[in-house]
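Working notes, beginning with the structure itself.
The values are calculated or read from the model by the stated rules, or taken from the named source; none is laboratory data. Everything numeric in this text was worked out from a predicted model, so none of it was measured. Positions of Cβ are backbone-derived with ideal geometry, glycine not excepted, and every protein chain shown enters the neighbour counts. Just the protein is used for accessible areas: all its heavy atoms, side chains included, with ligands, DNA and RNA removed. Shrake-Rupley method; radii C 1.70, N 1.55, O 1.52, S 1.80 Å.
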Amino acid sequence: MCVKGLRRHKILFRRETIATAQPASIILDSAPREKRPATVLGVIPARLASTRLARKVLRLIAGRPMLAWVYEAATACPQLDRVVIATDSEEVANLCLQNNWPVQLTSADLPSGTDRVHAVAQEIPADIYVNIQGDEPLLKPEHLTALLRPFTHQQVEVSTLKVLCTPENIANPNAVKVVTAADGRALYFSRATIPYDRDARTGNAPQYWKHIGLYAYRKSALQRFPTLPPSTLEQTERLEQLRFLENGIDIYVEPTDFDTIGVDTEEDLHRVEALLL
């Protein structure tokens, strides 16, 4: 099938059997509560025109396109009913068609990965949508399982992940830090070093957490996102998740033991390749 045919059919799903195992404890947010498993859709935004590293989702890592590593890990997670790649590029769409990966063409004008997931949500119904960054080739199925864990609580609308920050990343503005309340709610995300250790206490330094940019949303929260104007903090930090916080939508942050390397530079690409070879 060519890209022209893709536009006609819009969405191509995998022909092989898709794992349908669901975490039984996920609670739907509908009322009255429905007695059925939640449906979970994984979406991989794969924008080709990246600014810091051109064409990065198609760059080869150990002989395979970066997107192949991400898609393989996502489809290995049994909690996802389906996985679809959302792209603005015919070249990426053709790669997907060649490999029988489900793909949907989305507008090149969409400003963020969340907006691209939202566009897919208008075509594919689900209870929970998982935003799987296309530049995370070290993704593991365990990341996605952890990401869905907070949805055992009905009040959770959005979730994301954190991992202990390595010393070299504490002051690195490319490694986003997050601080949370005792119940796991995000208080703030920043490229700055937070919390700030004012007294520089020797031997009693605070714990720093690095944010991993994977998200899961209930459909109601995802539908609200593009209706909200870009927030001041979002534009200042260049972090789209701050739009949720500034508009009173809580994000629950689940810890994971597995760090990732989001690929934004040639150096990142080489570091990831060394780990995957």
- Tally time: how many residues in segment 190-228 are over 25 Å from L41 (Cβ atoms) and touching a residue at least 12 places away in the same chain (Cβ under 8 Å)? 10
- Looking at (1) among the acidic types (D, E); (2) open to solvent by 40 Å² or more (accessible area, probe 1.4 Å); (3) farther than 30 Å from I124 by Cβ, can you tell me which one E240 breaks? (3)
- Going through segment 31-47 in order, the residues found to be at pLDDT 75 or above and either over 29 Å from R218 (Cβ atoms) or surrounded by fewer than 16 Cβ atoms within 10 Å (Cβ to Cβ) (or both) are P37
- Whichever residue in segment 232-261 is part of a loop (DSSP other than H, G, I, E, B), hydrophobic (A, V, I, L, M, F, W, C) and within 16 Å of the chain's Cα centre (by Cα) and, among such residues, is nearest to A146 (Cα to Cα): F258
- Task: Taking N172 as meeting all but one of (1) open to solvent by 10 Å² or more (accessible area, probe 1.4 Å); (2) under 22 Å from E72 (Cβ atoms); (3) outside any helix (DSSP H, G or I), write down the number of the exception.
- Result: (2)
- Some residue of segment 194-207 being more than 17 Å from the chain's Cα centre (by Cα), modelled with pLDDT under 95 and on the phi > 0 side of the Ramachandran plot: yes
- Message: out of contact with any His (no Cβ under 6 Å at 6 or more places or on another chain), open to solvent by less than 20 Å² (accessible area, probe 1.4 Å), modelled with pLDDT of 95 or more and not in a helix (DSSP H, G or I): is that true of Y215 in this structure?
- Response: yes
- Qualifying position, being buried (at least 17 other Cβ atoms within 10 Å of the Cβ) and touching a helix residue (DSSP H, G or I) at 6+ places or on another chain (Cβ under 9 Å), among F258, F225: F225
- Message: Taking the condition of being out of contact with any Pro (no Cβ under 7 Å at 6 or more places or on another chain) and open to solvent by less than 80 Å² (accessible area, probe 1.4 Å), how many residues in segment 185-197 meet it?
- Response: 8
